[in-house]
Amino acid sequence: MADWSCELISLRKINPLYNPYVEVWYNNIYFVVFEVSSTSMMINLVANLSLMLVISFVFSLLYKSKPFGIHSDLKTKVIVGVIYGSFGILLMMFSVNVTPSVILDFRQIVIISAAFLGGIPSALISSLIIVISRGILFGAFNSSSIIAMISALILGIGSGIICTYTRGYWQKWIFSLVFSIIVVSSCTYILIGNEGVAILPLFVVLVMIGGLFKAFLVRYFMSTNKQETELRANEERYRLLHSHLEAILQSATGVAIIATDHKGHISLFNKGAELLLGYTEQQMIGKSTSMLFDHVIEISELARSQSGSAAYRLSGSDILRNVLHTSSSYESEWTYQKSDGTIITVNLIVTSITDNADQAVGYLGVATDITERKEAEAKMREANAMFQKLSTIDGLTDIPNRRSFDQEIIRLWEQANQHDVELSLIMLDIDCFKQYNDTYGHQRGDDCLKIVTRELQRTLARDDMLARYGGEEFAVLLPGSDLEQASRMAERIRSHIEEMAIRHESSTAGRVVSISAGIASRRQEGVSTPSDLIRLADRALYDAKAEGRNRVKASGAAYVMNR
């Protein structure tokens, strides 16, 4: 914000930043009006702008995990207003003097930033702090200070309104910057008239450059914060899954499970391995190879046989890598030597652990004592079932995932063909879910998905199959239901979800969470495969969303169910 004054000041010593412009005598008092040295003013303006950007950068770093935004709670908006108002005071402390009673700085960018992060309350608080500080820190009230204070309040209210009710990101910043330039230009003209023409161009350019750079900075940190939040959420899910898998592995006390990294260092040695081999986990973690308890003769024979196809003599974990080079798993009977010297025979299965690029990052060995084969086989089947469940159940909603759905639709399709009965599919989608996440955060988004899932489970019949198809999309298979029956079920689901009244202020379909649904049936024209059924239901869902959302659309039907 700029304070402009055209007052004549009585001075004894000329400030080096100013050059004499007009000299007059009045009542035996010598008066001088000064104009700013353009080079000095440019340097100081750039320095002031740099200070504003530096403190903004530091603020973004310190509060990058804080969910600031238009929809934040009042306490957060007050914090934003106070912080940015303090930034404004700091800028005034390092402002540029245009005349002995007029200062120039970039307070307007600070106020706009507060408006963007907290709306009208934040912008108003920051501008009030700046107004009060202007009067306290920089002298008595005069025409210059009064106009500056009024302009700060006008800018705070105006930019707050713009940022609250303008939808686009860049529109918020550009409209606010243009508004600030209009306010500053008006104040300049009121105070010093046409003399402001020499000052305004440089100031306007720097305001636009600084404001846009600040906008880029805010957008960068918003994007980074969002990615970090998603990363933390994913890490939490992975930690939870890892703990579940660890509990499963450790509970398999009758099975020795040993994992190594790609270099052969042991990273997992479960309770079953401790009981089977007599070593403790503390003794084995970090050991250079999992073969240190294998029979020496068998290792030598395997190394010899594998070295015949290798360019060098194999040993240690190289044997594992070579064995698994052409296959992802290896199974054989092995002789193990326990810690007390006892020799036992085990059935050993070694599997490669691969990353997304299909590169081996480790190895997993599962060993069972053959003397207890029957019991071990039963436990392995149970363990496999548990692993299968983990791979077919959605981790967030605890319902079948896309993989389960793909398997189930084929099974039900074949069953329907065999008995010549109906089979219908509902594809449903939570309306404007991306905006829900953007408005309330991904944690609230996950909670919303769970609530909708529970309501779907309560609404559907026992024989119906519900699956999370992907993101905010769900699929419902209805064995024995025709298109009309499926449409009624979909409408019941839509109505129940709407009646739950989950608040969704940013939805274009209403102010509560709603769903759109598309339905298709096996006996419709053009449906000859499960893929056709999915395609028609998905197309109907697309039509429902295109026609306004919060409605049910039956494929090929001439009617739409909505509220």
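In the set (1) surrounded by fewer than 16 Cβ atoms within 10 Å (Cβ to Cβ); (2) among the small types (G, A, S); (3) modelled with pLDDT under 70, the condition left unmet by G286 is number (3).
Considering the conditions (1) surrounded by fewer than 12 Cβ atoms within 10 Å (Cβ to Cβ); (2) farther than 23 Å from Y238 by Cα, A385 is excluded by exactly one of them, (2). Inclusion of I319 among residues that are at pLDDT 65 or above, in the same structural domain as G278 (by TED's automatic domain parsing), aliphatic (A, V, I, L, M) and closer than 19 Å to A256 by Cβ is not warranted.
Every condition in (1) touching a Cys at 6+ places or on another chain (Cβ under 9 Å); (2) at pLDDT 95 or above is met by A490 except one, and the failing one is (1). So which of L292, L268 ends up being out of contact with any Asp or Glu (no Cβ under 6 Å at 6 or more places or on another chain), among the hydrophobic types (A, V, I, L, M, F, W, C), at pLDDT below 80 and not in a loop (DSSP other than H, G, I, E, B)? Only one candidate qualifies: L292. Selection of first residues in the range 138-162 that are modelled with pLDDT of 80 or more and of second residues that are among the charged types (D, E, K, R) and buried (at least 17 other Cβ atoms within 10 Å of the Cβ), restricted to Cβ pairs under 8 Å at least 6 apart or on distinct chains, gives the following pairs, ordered by first then second residue: A152/R107; A152/R134; I162/K172.
Scanning the range 143-189 for residues that are of a type in the set (S, T, Y) and farther than 18 Å from G85 by Cα yields a count of 10.
In the range 127-140 there is at least one residue that is in the same structural domain as L217 (by TED's automatic domain parsing), in a helix (DSSP H, G or I) and among the charged types (D, E, K, R).
The residues of the range 508-535 that are in contact (Cβ under 8 Å) with a residue 24 or more places away in the chain, farther than 16 Å from I497 by Cα and among the hydrophobic types (A, V, I, L, M, F, W, C), listed by number, are I519, A520, L533, I534. Any residue at all in the range 418-436 that is within 21 Å of the chain's Cα centre (by Cα), assigned by TED's automatic domain parsing to the domain that holds A509 and among the small types (G, A, S)? No; the residues of the range 418-436 include none that is within 21 Å of the chain's Cα centre (by Cα), assigned by TED's automatic domain parsing to the domain that holds A509 and among the small types (G, A, S). Consider the range 328-351 and keep the residues that are at pLDDT below 80 and over 18 Å from L275 (Cα atoms). The one that is nearest to the chain's Cα centre (by Cα) is S328.
Condition check ((1) free of Cβ contacts under 8 Å to residues at least 40 places away in the same chain; (2) out of contact with any strand residue (DSSP E or B) (no Cβ under 9 Å at 6 or more places or on another chain); (3) among the charged types (D, E, K, R); (4) at positive phi) across all residues:
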residue: D447; (1), (2), (3), (4): yes, yes, yes, no
residue: T453; (1), (2), (3), (4): no, no, no, no
residue: T459; (1), (2), (3), (4): yes, yes, no, no
residue: E472; (1), (2), (3), (4): no, no, yes, no
residue: V476; (1), (2), (3), (4): no, no, no, no
residue: S481; (1), (2), (3), (4): no, no, no, no
residue: R494; (1), (2), (3), (4): no, no, yes, no
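Checked against the criterion of being modelled with pLDDT of 70 or more and crowded, with 19+ Cβ neighbours inside 10 Å, the range 241-251 contains not a single residue that satisfies it. Look at (1) farther than 30 Å from D438 by Cβ; (2) buried (at least 19 other Cβ atoms within 10 Å of the Cβ); (3) free of Cβ contacts under 8 Å to residues at least 40 places away in the same chain; (4) touching a helix residue (DSSP H, G or I) at 6+ places or on another chain (Cβ under 7 Å) and you find that K553 fails only one, number (1).
The values are calculated or read from the model by the stated rules, or taken from the named source; none is laboratory data. Just so it is clear, the structure is predicted and the values come from calculations on it, not from any experiment. Don't worry about glycine lacking a Cβ; one is built from the backbone with ideal geometry, like all the others, and counts go over all protein chains shown.
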